[in-house]
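Down below is the structure, laid out as structure tokens.
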Amino acid sequence: MLTKVSYKLFTENHVFDDLTDKQSKILIAAIKVFAEKGYSNSSTKEIAEEAGVAEGNIFSRFTNKRGLLQAIIDPVIQSIFPATLNKFTDAQIVDKYTTLHAFIEASVKDRVRFMEENADVLKIFMAEMIYDDQLRADFQDQFASSATFYLENINRNLSMFKANQFLVNWANTEILRIMWSVVAGLAVSYLFFKQPVTSTEINHTVDALTKALSQKMVD
């Protein structure tokens, strides 16, 4: 029996629609096993046992273990990432947020929620990004071609905060890098070291970013 696996973005983006019930179980089992043990330390036999199917069922659809990994990674790069990126809170119209603190809080909580809902898939993706040069290149190409809407909106939002003298007058790319780096630290702790992200830690992260990026603090 499969235990809980965090892959919400797969269901939201209809990744399983073209798979049979058995094939879906295999893919979910692969996500679970790869996330727990790592790709290199996993076997198709373990995945088949986790899915409750014969090992031959894996080969008939996914060919081999690498095929299973590609079935997890490819949708993230090709369709899920572009669709999800533009849904992030910080890409939405800034009029919803009256203060810098509220804007940063919404952005951080949005990322943390996404991370928790998709922890297993993200752990596999991040681990492979470290070791696979081709995967990084593919991801960079996809980001460059699909992130236009997101970057246009976040740049407009940050510029409005600067105009209202809330946000430090640094380059938007630098501001984004700082925000992403801090949230990435939470992600690494949560995904790879099993450190829970508590509401207190989220509040401290939001406060720290607000202070670091406030125009008043820098002035």
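Of all residues in region 122-148, which are of a type in the set (Phe, Trp, Tyr) and within 15 Å of ILE80 (Cα to Cα)? Selection gives PHE125, PHE139, PHE143. Looking across GLN92, GLN70, one residue alone is closer than 30 Å to MET160 by Cα and open to solvent by 30 Å² or more (accessible area, probe 1.4 Å). It is GLN92.
Here is a yes/no grid of residues against (1) of a type in the set (Ser, Thr, Tyr); (2) buried (at least 17 other Cβ atoms within 10 Å of the Cβ); (3) assigned to a loop (DSSP other than H, G, I, E, B):
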{"position": "VAL5", "(1), (2), (3)": "no, yes, yes"}
{"position": "PHE10", "(1), (2), (3)": "no, yes, no"}
{"position": "ALA29", "(1), (2), (3)": "no, yes, no"}
{"position": "ALA54", "(1), (2), (3)": "no, no, yes"}
{"position": "LYS87", "(1), (2), (3)": "no, no, yes"}
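On the stretch given as region 175-197, residues that are over 20 Å from THR84 (Cα atoms) and open to solvent by 80 Å² or more (accessible area, probe 1.4 Å) total 4. One residue stands out in region 35-52 among those that are in a loop (DSSP other than H, G, I, E, B) and among the hydroxyl-bearing types (Ser, Thr, Tyr): the one that is nearest to VAL188 (Cα to Cα), namely TYR39.
What residue, of SER146, SER181, is among the polar types (S, T, N, Q), modelled with pLDDT of 90 or more and under 30 Å from LYS32 (Cβ atoms)?
Details: SER146 fails: modelled with pLDDT of 90 or more.
Going through SER146, SER181 in turn, just one is among the polar types (S, T, N, Q), modelled with pLDDT of 90 or more and under 30 Å from LYS32 (Cβ atoms): SER181.
From the list THR99, THR44, THR84, the one residue that fits, being modelled with pLDDT of 95 or more and in contact with a Phe, Trp or Tyr (Cβ under 9 Å, 6 or more places away or on another chain), is THR44. Contact map, region 97-113: residues that are within 10 Å of PHE166 (Cβ to Cβ) and open to solvent by 20 Å² or more (accessible area, probe 1.4 Å) paired with residues that are of a type in the set (Ser, Thr, Tyr) and assigned to a helix (DSSP H, G or I), Cβ distance under 8 Å, separation 6+ or inter-chain. Pairs shown: HIS101/THR210. In this entry, LYS32 is excluded by the filter for residues that are farther than 24 Å from ILE77 by Cα and at pLDDT 95 or above. Consider region 138-174 and keep the residues that are small (Gly, Ala, Ser) and not in a helix (DSSP H, G or I). The one that is surrounded by the fewest Cβ atoms within 10 Å (Cβ to Cβ) is ALA171.
Rundown of residues vs (1) outside any helix (DSSP H, G or I); (2) hydrophobic (A, V, I, L, M, F, W, C); (3) over 17 Å from LEU191 (Cβ atoms), yes/no style:
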residue: ALA71; (1), (2), (3): no, yes, yes
residue: ASP95; (1), (2), (3): no, no, yes
residue: ALA102; (1), (2), (3): no, yes, yes
residue: ARG113; (1), (2), (3): no, no, no
residue: LYS123; (1), (2), (3): no, no, no
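Just to verify a result, which residue in region 114-137, among those that are surrounded by fewer than 17 Cβ atoms within 10 Å (Cβ to Cβ) and within 10 Å of the chain's Cα centre (by Cα), is farthest from ILE178 (Cα to Cα)? Only one residue fits best here, namely GLU117.
The values are calculated or read from the model by the stated rules, or taken from the named source; none is laboratory data. Keep in mind it's a predicted model, so treat the numbers as computed, not measured. Neighbour counts are summed over all protein chains in view; Cβ atoms, including those assigned to glycine, are modelled from backbone coordinates with ideal geometry. The accessibility values were calculated without ligands, DNA or RNA, using every heavy atom of the protein model including side chains. Shrake-Rupley method; radii C 1.70, N 1.55, O 1.52, S 1.80 Å.
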